[in-house]
C-alpha cells in the first residue's frame, strides 16, 4: 500500500466527517454564476466552521479564510484555493535535518501515553526497511516495563538495542549506545527517553544531560529531537508541544493515532502555530503503521473529492 493510501486510510474518520459538507460549500462557491465574484459571507462562515471542526485551529483557519478572500476572483476553484493554502503552511516549515557528523542521534520525547515507545520501534522498522541500520537506546531507566516493551519492538523490527539496569543514569546509557553504534556501524541511534512533563525540572535536567553527552561524543548531536503527540487530543497537543519546544529543543513532530480521531486537521495547526515540521504519522497499531509525512498526500486525503 502506498504512502498516500496509508495516510488517506488514517484520515478516514476526519474525511468522512468533513468531506460531504466541504463538497456542498465548494459546489455553491464554484457555481458558474458565482465564479467571477468574491466568495460570499455565508460561504466563508461555513468554511470557517468546517475547518475549525476538523481541529485545523483558529489561527490557521484565519489564514486560509484570508487567502480565499484575496484570491477568490481568480479562476482557481475554492477547493484548490483551500488545498494550496494548507500546502503552503506545510511548505513554510519543511526543512532538512542538518547532519554534520555520524552516527545521527535522534531523541524521542513526549509525555506518557502518546505512543512514544512504540513509535521508537516502528521508526526503527521503517528506517531499516529504507536500508539504514538503526540502533535503539533504552534511556527510560525509570520503568522496567518500558524497557521490556521496547525490547519486544526491537525484536519485531530486527534491530539491536542497548539497555542498562533499572535506575541507571540515562545519560550513561546514551553514551554506551553511541559508543556501540560507532563500533558496530549502526546509524541512526534512536533514543527512547522517559515520559516527562515540561514542569518536571529533574526530568528536564536529565534530558539536558543526555543532549550534552550526545554533543560531546558526536558534533551536532542530537541532530533530531522528535516530540511524539497524540492526534486524538487535538489542540491540547499543540499546547503540549509549545511547552516542550522551549525546554527540549524539539525540531520535529511525530503525530500518532491519526487513525483514531475525527480531527486529523490538527496537523495543520501544529505546522502553522508551532512552525515545526511533521516528520512521521502513525496510522495504526502494527509495526508498519508509521509512515513519513507527506503534505501533498495529507491534503489530498483530507479533502478527498469522493469517498
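Scanning region 24-54 for residues that are at pLDDT 90 or above and within 27 Å of the chain's Cα centre (by Cα) returns 47, 48, 49, 50, 51, 52. Every test in (1) under 30 Å from residue 207 (Cα atoms); (2) touching a helix residue (DSSP H, G or I) at 6+ places or on another chain (Cβ under 6 Å); (3) free of Cβ contacts under 8 Å to residues at least 60 places away in the same chain; (4) outside any loop (DSSP other than H, G, I, E, B) is passed by residue 145 save one, and that test is (2).
Among the residues of region 174-192, those that are assigned to a helix (DSSP H, G or I), buried (at least 22 other Cβ atoms within 10 Å of the Cβ) and either modelled with pLDDT under 95 or in contact with a helix residue (DSSP H, G or I) (Cβ under 9 Å, 6 or more places away or on another chain) (or both) comprise 174, 178.
Quick check on my filter: what residues within region 38-51 are exposed (fewer than 14 other Cβ atoms within 10 Å of the Cβ) and part of a helix (DSSP H, G or I)? Result: 41, 42, 45, 49. Screening residue 111 with (1) touching a residue at least 60 places away in the same chain (Cβ under 8 Å); (2) within 24 Å of residue 291 (Cα to Cα); (3) assigned to a helix (DSSP H, G or I) gives one miss only, at (3). Within region 193-247, the set of residues being without any contact (Cβ under 8 Å) to a residue 24 or more places away in the chain, closer than 30 Å to residue 13 by Cβ and assigned to a loop (DSSP other than H, G, I, E, B) is empty.
Please determine whether any residue of region 68-91 is in a helix (DSSP H, G or I), under 24 Å from the mean Cα position of the chain (by Cα) and under 18 Å from residue 210 (Cβ atoms). Taking every residue of region 68-91 in turn, none turns out to be in a helix (DSSP H, G or I), under 24 Å from the mean Cα position of the chain (by Cα) and under 18 Å from residue 210 (Cβ atoms). Selection of region 52-87 for residues being surrounded by fewer than 20 Cβ atoms within 10 Å (Cβ to Cβ) and either closer than 21 Å to residue 280 by Cβ or in contact with a strand residue (DSSP E or B) (Cβ under 9 Å, 6 or more places away or on another chain) (or both) yields only 87.
For residue 106, state whether it is assigned to a helix (DSSP H, G or I) and touching a residue at least 60 places away in the same chain (Cβ under 8 Å). When the stated conditions are applied, residue 106 does not pass them. Scan region 248-259 for residues that are modelled with pLDDT of 90 or more and either farther than 19 Å from residue 109 by Cα or part of a loop (DSSP other than H, G, I, E, B) (or both) and the total you get is 2. For region 114-139, a residue qualifies if it is within 20 Å of the chain's Cα centre (by Cα) and not in a helix (DSSP H, G or I), and the qualifying residues are 114, 115, 130, 134, 136. Among the numbered conditions (1) buried (at least 17 other Cβ atoms within 10 Å of the Cβ); (2) closer than 25 Å to residue 231 by Cα; (3) more than 20 Å from the chain's Cα centre (by Cα), the only one that residue 156 does not meet is (1).
When region 260-286 is filtered for residues that are crowded, with 17+ Cβ neighbours inside 10 Å, at pLDDT 90 or above and within 16 Å of residue 115 (Cα to Cα), the ones remaining, listed by number, are 278, 279, 280, 281, 282.
On inspection, residue 101 fails the criterion of being within 20 Å of the chain's Cα centre (by Cα) and either without any contact (Cβ under 8 Å) to a residue 40 or more places away in the chain or surrounded by fewer than 22 Cβ atoms within 10 Å (Cβ to Cβ) (or both).
The values are calculated or read from the model by the stated rules, or taken from the named source; none is laboratory data. It should be emphasised that the depicted structure is a prediction, and the values quoted were computed from it without experimental measurement. Ideal geometry is used to build each Cβ from the backbone, glycine not excepted, and the neighbour counts take in all protein chains shown.
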